[in-house]
Ligand code: NDP
Ligand code: 8X3
């Protein structure tokens, strides 16, 4: 029987690439995001893979729950949940940070992940199967200057992954984290509020990961046999040694 993958934040970057790669591996898809036209384009790109599109803000718990409850029967039994939606907003020392940015990051990266997980879990626990793959970050494992709230949000993703794994053991549900380093997506444009020039500089002088590199790893994890959990992956560009240590060609 065809398996169903539910990918949040599939309208861009890592989520989109992951959805495409999972379709290539034979999964049918539930894809989510706020930008409907991007998700329509994704569905067309993976045709004839069956795709169900959900547009909601992961920060909105009621909308998230309603979207999952409203899934048509043929997409309702989720095998793999990829909690990917989120991002960074701002890069300032804590004393200059914007509390609105902090709210957006904590609400999307932490509460949003919980909202989606809470909505999907009843089906997984009832069927005693499933795999939850959370997209964390090297930022959740190492502090870097000005990373403050974004780093904290990804540290929360990391700890939630570990604790959820324990709680869900009796249900045979696997929980894992992929923590990428620098991946060139819309991430930095979002972080710098549309400043494309500043965003591009983040990736100057070295070869960052592509979204497809992360997607490859997610597909590898999602296609292991049921007794295997690739639980924790730190995925870096070859030029990156630590969160704030990137070797750039002069
Ligand atoms: P992008 O900005 O390219 O993609 C972010 C995705 O998340 C979009 O599809 C966006 O969809 C969705 N999203 C963001 N906020 C919300 C929200 N409130 N509700 C619903 N969907 C939302 O960035 P990436 O692909 O790089 O980021 C994906 C994940 O990877 C994030 O969790 C990020 O923290 C993490 N990550 C990124 C790294 C990088 O260097 N790029 C490295 C490590 C981790 P839409 O706007 O349509 O709602
Ligand atoms: C994204 C990677 O190093 O910009 O999570 O925080 S970093």
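Annotations
- Here is the size of segment 4-246 from its Cα atoms: Rg then Dmax, 17.0, 51 Å.
- Per-residue extension of 0.36 nm, minus the Cα-Cα distance of residue 118 and residue 193, leaves a gain of 24.0 nm for this segment.
- Put in line by how crowded their Cβ is, counting other Cβ atoms within 10 Å and starting with the fewest, 31, 120 read 120, 31.
- Neighbour-count order for 96, 40, fewest beta carbons within 10 angstrom listed first: 96, 40
- Helical mean residue ellipticity (222 nm; -39500 (n - 2.57) per DSSP H run of 4+; nearest 500) of the chain: -12000 deg cm²/dmol
- For segment 48-99 versus segment 127-160, the spacing of their alpha-carbon centroids is 15 Å.
- Whole-Å distance, taken between Cα centres, linking segment 221-237 and segment 164-205: 16
- Among 127, 248, 38, 174, the ranking by other beta carbons within 10 Å of each residue's beta carbon, starting with the fewest, stands as 248, 127, 38, 174.
Readers should treat all values here as calculations from the given coordinates under stated rules, not as data from a laboratory. Because the structure is predicted, anything quoted here is derived from the model rather than measured. Because the Cβ atoms are built from the backbone with ideal geometry, glycine has one as well, and the counts that use them run over all protein chains shown.
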